[in-house]
């Protein structure tokens, strides 16, 4: 039972990381307080549902839905966030909070105010035996997808010229702009990639957590806790924090169900007191 519960917590934690990886880029690196990130995650699930209803292809939806959400993210950054970013986090919060509500109401208007059943491919619909525990194949797929996304993002951010440009733009935008690099374009692309990651997580999370209009509100608080606990801008920190929160929720429900919902906030409080920059975040001067 302990092993099975640990696996369940690991799967939810890795799904949290999938969504939080995009928020790490947007909030942790760009400093943009994007409260609509959960809504973009929800849109990925609904786009996937529509694509599968039309084509019957899960793998095609896994490709097209994130692209659609990423393009929407580019539009949001270019037309809205860029204009209010200079005024600070309060304006960003109000703007993205409003966008989240608009997206949620549009979802209800287009797809309805009820849960939708999303079929998964037959190759992922079975189960396997792990140390005597029967575990759904689809959840193993979530684990592998999360690890793959982490590896790709890590390589891009830390081993490529594009990653160097992104980190330099975040640290000193004026200097990078003086070197002839279009920093606003870099930030727009970065925001689009973060939105696409949210959409990718929505495609994968839709069949696992049930596609419904409450998806965004259910996960958004967990996302900000992951980013804060892990450390702003730290991809490795987001992975570690997502794992910890997933396990806390899983074992909390098993042993102390009345307190399970408070455990992640207790963790965040402890981290902020003992290491305000986050578990793997860097100190700022």
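A short reminder: the numbers here are calculations on the coordinates, not readings from a lab. All values reported here derive from a predicted model rather than from experimental measurement. Every residue, glycine as well, gets a Cβ built from its backbone with ideal geometry; the counts of neighbours run over all protein chains shown.
Restricting the calculation to Cα atoms, the stretch 1-154 shows an Rg/Rh of 1.01 when the hydrodynamic-style radius is the Kirkwood one. Per residue of the chain, the DSSP helices (runs of n ≥ 4 H) give a summed -39500 (n - 2.57) that works out to -24000 deg cm²/dmol at 222 nm. In the elastic network of the chain, a GNM with C-alpha springs shorter than 10 Å, the most mobile of 225, 107, 133 is 133.
Comparing mean-square fluctuations of 201, 90, 216 from a GNM of the chain with C-alpha springs under 10 Å, the top value falls on 90. Result for the chain in a Gaussian network model with C-alpha springs under 10 Å: among 46, 87, 101, the largest mean-square fluctuation is at 87. Highest mean first, the peptides 70-83, 258-271 sorted by other C-beta atoms within 10 Å per residue fall in the order 70-83, 258-271.
For residue 101 and residue 78, compute 0.36 nm times the residue count separating them, minus their Cα-Cα distance, and round to one decimal in nm.
In short, 6.3 nm is gained.
The Rg/Rh ratio for the chain, using Cα coordinates for both the radius of gyration and the Kirkwood hydrodynamic radius, is 0.97. Listed from fewest to most Cβ neighbours within 10 Å, the set 244, 25 follows the order 244, 25. Expressed as a whole number of Å, what is the distance separating the alpha-carbon centroids of the stretch 166-231 and the stretch 1-80? The stretch 1-80 and the stretch 166-231 have Cα centres spaced 9 Å from each other.
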